Amino acid sequence: MKQPLLVALAFAILVGGTPTRAAPIPPHIEIKYRVSMGSMKIGEGLDVFEHDTKSYTVVSESKTVGLAAILYQLNLRREAKGRITREGLRPRSFVESRNGKTTRSALFDWEANEIELSDGSEAKQTVPLPPNTWDATSFAWNFAFFQPANKDLNINLTDGRRVTSYRYVWLATERNYLPVRIRYTEKDGTAFDSVVEAINVSPH
């Protein structure tokens, strides 16, 4: 597992005021967002998060739009399921589909400390499951349920291909730690921003 020297994943959640105790998380949340590269909009998406205080499901769907869709049409769907613990979200399964075809998946075995990874047509592989490991979809919601003691963390993420270690995740306290902005930075320095356009919640 390689640990990037540069910040590969960062939360830039809108901040303001002093830290406060997070309010209970509604059982159903929908977040609509836009994906941009620089000033150009290249995609849009919808995340739906549901929980019953014991377990959770999150479905994230996104697609390319505009010129980006002409150059490369992509419909991406990610679904993650797991348990809610005192330490936050603990993933159980993760499945990714591209243009209607399942491409990657991960099964978490926390008792055996192993994770089964599947990347398309390649054979499945079972590798060690480090602590503080999430799939790429669950991680965006984890800190709504568990607030870390400090703002600099060492975490592990998987997209079904491998488990990769990251560091330096910045979090802010407003808006219940919901992911209102996420920036992904590629190795070549190219940055993609996912910024929330609307949040809808249901109390039941």
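The values are calculated or read from the model by the stated rules, or taken from the named source; none is laboratory data. Predicted model, so just to flag it, every value in this text is computed and none were measured. Just so you know, the surface numbers come from the protein's heavy atoms only, side chains and all, with ligands and any DNA or RNA stripped out. Shrake-Rupley method; radii C 1.70, N 1.55, O 1.52, S 1.80 Å.
Worth pointing out:
- Stokes-Einstein D in µm²/s, Kirkwood radius over Cα pairs - the stretch 33-72 at 20 °C with 1.002 mPa s viscosity: 184 µm²/s
- Largest to smallest in accessible area, the residues 33, 166, 56 fall in the order 166, 33, 56 (1.4 Å probe, all protein chains included).
- Of the solvent-accessible surface of the stretch 60-141, computed with a 1.4 Å probe over protein heavy atoms with every protein chain present, carbon and sulfur atoms account for 47 percent.
- Residue-level accessible surface for residue 162, protein heavy atoms, 1.4 Å, Å²: 130 Å²
- Ordered by 1.4 Å accessible area with all protein chains kept, 74, 107, 117 run largest first as 107, 74, 117.
- Accessible area in square angstrom per residue, the stretch 36-109, 1.4 angstrom probe: 57 Å²
- Between amide H atoms placed 1.01 Å from N, distances below 5 Å from residue 161 occur with no residue 5 or more places distant or on a separate chain.
- Where the Cα pairs of the stretch 56-142 fall when distances are cut into 5 Å bins, in %: 3, 14, 21, 21, 17, 11, 7, 4, 1, 0
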